Amino acid sequence: MRLLILIPALLVFADPVAAQSWQEYSYPDYSFSVSFPAAPRIETTTYQVTDDRAVEAHVYSVRRDNAEFKVTVAELADPGLQETAVIDHAIKTLSQGGEIQVNIPHRINRVYGRQLSIMERDGSRAAVALFDYKGRLYQIEGKSLSAGDDATADTIRFVESMVFTGGGTNRTEQEIQGAGRVACSGVGEPGAAAVPNTAAAVDVRRTDIRCRRQQSFAALVTSLNSGDLSGAQQAYATLSQLQDTGQRPFANGNGGGNGGGLGQAMSRIGQALQSGNLAAAKEALASVQRPRGFNRQP
């Protein structure tokens, strides 16, 4: 008998009262939508894409006493600006005065980029995603400030709410196939194309689930080992979302020798992260072997 043990992300981290104020805002001219906790302020400014070049940018932001939520859309225009250089410069700028604790590939449907967790010197924690898409740099940041209540749950929710509209991609089909070896295809995600119910499609789904589990679990381990509470909460929330969609990252029962020990450990990790107790989360992680399906880095 299989026992589902991961608590849905919104139940673990979200305040039901605060959640009522969140609303999705759509910007079709810039091919994205995102959820803010209040109507965002919109302004036009400049963005430094390289050390010696600034471009026009549109910024959508909301600030609270304990958190900041911001999307920056910078108009790259120049095809000579290489994606790697643009993303790397953005990461360098974002991490000034802080420490990058998670830096992994990221993807929204068929748009590929990077996902970061940054601990700043003043104790603030930032969740960030970066994408070079349609001649623009998209930079989404959720920052839990050191003052006030911990807003990590809201920053995670904010970053994960972003959706690119229009069904485009920033990769060729050949690049997407290659990326499948290190990133996942997105089968079963909201907005993903339907996959026929064939034997081949079942194999694709299984491979995708395993890939996404490996990435999320690796991010959880990295964050816990580095003492990054925000990154660990974000990784655990992602695993919880896989659980929510019926894609079981952990289950009790036969196979792999994980059984109830793993289920109990992951439940303890979730409870510890909810209360902000990194030491207890690390202790729970160390109490079991890495589960089957998580034994290799993606």
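The values are calculated or read from the model by the stated rules, or taken from the named source; none is laboratory data. Owing to the predicted nature of the structure, the values given are computational and were not obtained by experimental measurement. Heads up, the Cβs are rebuilt from the backbone with ideal geometry, glycines too, and the neighbour counts pull from every protein chain shown.
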**Item:** Top-ranked residue in the stretch 141-174 [being touching a helix residue (DSSP H, G or I) at 6+ places or on another chain (Cβ under 9 Å) and assigned to a strand (DSSP E or B); ranked as nearest to W22 (Cα to Cα)]
**Value:** G142
**Prompt:** So which pairs qualify, if the first residue must be in the stretch 24-42 and closer than 20 Å to A74 by Cβ, the second must be small (G, A, S) and loosely packed, with under 15 Cβ neighbours inside 10 Å, the Cβ gap must be under 6 Å, and the two must be at least 6 apart or on different chains?
**Reply:** S31/G166; S33/S26
**Item:** Verdict on P79 being under 30 Å from N277 (Cα atoms) and either loosely packed, with under 13 Cβ neighbours inside 10 Å or modelled with pLDDT of 95 or more (or both)
**Value:** no
**Criterion violated by N103 - all others in (1) modelled with pLDDT under 90; (2) at positive phi satisfied** = (2)
**Fill in**
Log entry, pairs with first residue in the stretch 69-96 being farther than 24 Å from I118 by Cα, second being of a type in the set (S, T, N, Q), beta carbons closer than 8 Å, six or more apart or on different chains, reads L81/T50
**Message:** Could you tell me how many of the residues in the stretch 251-271 are buried (at least 20 other Cβ atoms within 10 Å of the Cβ), more than 20 Å from the chain's Cα centre (by Cα) and modelled with pLDDT of 80 or more?
**Reply:** 1
**Message:** Just checking, does the stretch 158-169 include any residue being at pLDDT below 90, surrounded by 14 or more Cβ atoms within 10 Å (Cβ to Cβ) and closer than 23 Å to Y25 by Cα?
**Reply:** yes
